[in-house]
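Asker: Can you read through this structure? Questions will come right after.
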Amino acid sequence: MDMILAPTLLADVVLVVMTLQGVWLVLRRRDRAIDVVAALAPGFFLALAVRSALAEAPWTHVALALALSGPAHLFDMGRRGLYARAGDEAPQTTPRARRPEMSASE
């Protein structure tokens, strides 16, 4: 009964599901591993910080997990091209629908 009510159980489930999701994305959909890791790492580190806090781990463990989530998020944004340097044009986040080309005879 204590195992069911463990305060870290939900965080453990989230971490396991995220890991399985990453493996599935790499194997089933043939996504590149670096893209999957970059996409899942920020949330993984945040869930790890929650788990550490619920387990009453030393504050340094919680702080380390939180500190790693920031650079992981910036790395993911950089890989996706979602932020630009000052003066650059903002990237398109969704593809525009193509209009059919009109021929000269129309």
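Asker: Where does each of 45, 75 land when they are ranked from fewest to most other beta-carbon atoms within 10 angstrom?
Answerer: Fewest-to-most ranking of 45, 75: 75, 45.
Asker: Based on the Cβ-Cβ distance of residue 67 and residue 27, what FRET efficiency does E = 1/(1 + (r/R0)^6) give at R0 = 35 Å, to the nearest 0.05?
Answerer: The pair residue 67/residue 27 has a calculated efficiency of 0.70.
All of the numbers you see were taken from the coordinates with simple rules; none came from a lab. Since this is a predicted model, take the numbers as computed values, not measurements. All Cβ positions, glycine included, derive from the backbone under ideal geometry; neighbour counts span all protein chains shown.
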